[in-house]
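Peer 1: First the structure, which I've put down as structure tokens, then a few questions once you've had a look.
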Amino acid sequence: MGSTVITGIGSLVTNDPSIGDGPLGLLSDAAVVVADGRIAWVGPAASAPAADEGFDAGGRAVIPGFVDSHSHLVFAGDRTAEFNARMSGAAYTAGGIRTTVAATRAASDAALDANVARYFAEALRQGTTVLECKSGYGLTVEDEARALRIAGRHTDETTYLGAHVVSPDYADDPAAYVDLVTGPMLDACAPYARWVDVFCERGAFDGDQARAVLTAGAKRGLVPRIHANQLTEGPGVQLAVELGAASADHCTHLSDADVAALAAASGTTVATLLPGAEFSTRAAYPDARRLLDAGATVALSTDCNPGSSFTSSVPFCIAVAVREMGMTPDEALWSATAGGAAALRRTDVGRVAVGARADLALLDAPSHVHLAYRPGVPLVAAVWRGGERAA
Ligand code: NIG
Ligand code: FE
């Protein structure tokens, strides 16, 4: 692969404060050289070195590709009716997951794979160059392992979520289901997963069950992350911090002690906010400002799934986070790129610095602020992933 120089970048977000201004490391009139899939040079356009090929950004903005650290894309079926009912006043409950479980079990491998491919492509067109993907709509040993095998064809960031909700087959014996999840199902899934997750919530798994799932996964080399404090205050956030989880996701209902714990653990456990879920369940948004002011590390992700948040659009989440959650446009952009990378414990993505993977999004806009200023407008004009033009 030859080298490419991207010139005419009106505004470049590097997320490297040693390269440019502020936490975003902003550079104006910049250029980037990409070689062998990596960033080879970053700096003022006037001093850009020559390369095999050139691309003129025409004064537009370039940002790191989005790192979306939370999605559930191995599924079949449709939950339009449930969404419709919610928008007529019905409440969201964890139980809707079982609707998708039935459809997913009935689907062929090929159908599931095609669905995953479709949503990964959709996300890529919107600037997402790293996308985590969970199992959790199979809930049998075979169906969970199958989900992770399929997810693994599309991403390295695969998460075992056998503990999404108690399987309908174990409705009368949740303890036996936890034994399955921490035993034979974990054995079958661990080879295909990097992470282990659990939905710690009323109607799903309590604190003791969540602890059992995460510690069993950790013993098998999977790193914990957790669905915590989404619908109610609960033990999830404290458990995440105690176990050194990579992230506590949702963080919608937090006590002062939860916020303090996330702030104290800011180098280890990221607070991942998923505003698509509150949007699509018509619920109150998490308070990003409170977390940021306390010193927590915050990531923004889509939670793309057919039940609670059927959007693959990080730009949409950025716009909502800025309008409704007290984030500045700079903070939201950082959280959707560097924050997502931190939540996945990745240093090779989420920034534009020499040696990083060449994952870039070109915006049809003069700066990243337009992602919030122009909500709902498809501003991503081009995407490079690993140095290759991908969209
Ligand atoms: O992150 N919270 C648990 N899991 C998903 C919802 C999945 C569903 O409703 O199908 C979430 O919101
Ligand atoms: Fe989720």
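Coordinate-derived values only; no laboratory data. This one's a predicted model, so the numbers in the text were calculated from it and none came from an experiment. Don't worry about glycine lacking a Cβ; one is built from the backbone with ideal geometry, like all the others, and counts go over all protein chains shown.
Peer 1: For each of S18, S367, count neighbouring Cβ atoms within 10 Å of the residue's Cβ, then give the residues from fewest to most.
Peer 2: Result, fewest neighbours first: S18, S367.
Peer 1: Also, quick follow-up: Rounded to the nearest 500 deg cm²/dmol, what is the calculated helix-only ellipticity per residue at 222 nm for the chain, with -39500 (n - 2.57) per DSSP H run of length n ≥ 4?
Peer 2: -9000 deg cm²/dmol
Peer 1: Compute the distance in nm between two label points, each set 7 Å from the Cα along the Cα-to-Cβ direction, one at A106 and one at D78.
Peer 2: 1.4 nm
Peer 1: Could you order peptides 45-53, 368-376 by the average number of other Cβ atoms within 10 Å of their residues, highest first?
Peer 2: 368-376, 45-53
Peer 1: Helix 314-324 versus the longest principal axis of the chain: what angle, 0 to 90°, nearest 10, using Cα atoms?
Peer 2: Between the helix axis and the principal axis of the chain, the angle is about 80 degrees.
Peer 1: Averaging sequence separations of C-alpha pairs under 8 Å and six or more residues apart, then dividing by the length of the stretch 179-280, give the relative contact order as a whole percent.
Peer 2: Worked out over the stretch 179-280, it gives 21 percent.
Peer 1: Simple spin-label model, 7 Å along Cα-to-Cβ: R389 to R153 in nm?
Peer 2: 2.8 nm
Peer 1: Please work out the FRET efficiency for the pair A46 and V354, using the Cβ-Cβ distance as r and a Förster radius of 25 Å; give the result to the nearest 0.05.
Peer 2: Result of the calculation: an efficiency of 0.85.
Peer 1: If contacts are Cα pairs under 8 angstrom and at least 6 residues apart, what is the relative contact order of the chain in percent?
Peer 2: Worked out over the chain, it gives 19 percent.
Peer 1: Turning to a different aspect of this structure: Could you tell me how many degrees, from 0 to 90 and to the nearest 10, lie between the Cα long axis of helix 97-106 and the main elongation axis, the longest principal axis, of the Cα atoms of the chain?
Peer 2: 90 degrees
Peer 1: Counting other beta carbons within 10 Å of each residue's own, what order do T302, T99 fall into, fewest first?
Peer 2: Sorted ascending by nearby Cβ count, the order is T99, T302.
Peer 1: Take peptides 337-343, 176-182 and line them up by average Cβ neighbours within 10 Å, highest first, as a rough protection proxy.
Peer 2: 337-343, 176-182
Peer 1: Could you give the nm distance between label points at A264 and R323, where each point is 7 Å from its Cα heading toward the beta carbon?
Peer 2: Between A264 and R323, the label points sit 3.8 nm apart.
Peer 1: With a 10 Å Cβ neighbour count serving as the proxy for reagent exposure, in which order, fewest first, do D348, D197 appear?
Peer 2: D348, D197
Peer 1: For a test of the definition: using alpha carbon positions, the gyration tensor, and the 1.5 limit on a/c, classify the stretch 310-391 as rounded, prolate or oblate.
Peer 2: Oblate, because a/c is 1.5 or more while a/b does not exceed b/c.
Peer 1: Normalised by the residues of the stretch 314-391, what does the relative contact order come to in percent, with Cα pairs under 8 Å and at least six apart?
Peer 2: 30 percent
Peer 1: Here is a follow-up. On a full-extension model of 0.36 nm per residue, what is the gain between Y373 and D21, subtracting their alpha-carbon distance, rounded to one decimal in nm?
Peer 2: Result: 124.6 nm gained on full extension.
Peer 1: While we're looking at this one, here's another question. In degrees from 0 to 90, rounded to the nearest 10, what is the angle of the helix 109-125 Cα long axis to the longest principal axis of the chain?
Peer 2: 40 degrees
Peer 1: Consider a paramagnetic label point 7 Å from the Cα of E53 along Cα→Cβ; state which residues of the stretch 349-381 have an amide N under 16 Å from it.
Peer 2: Answer for the stretch 349-381: 358-362.
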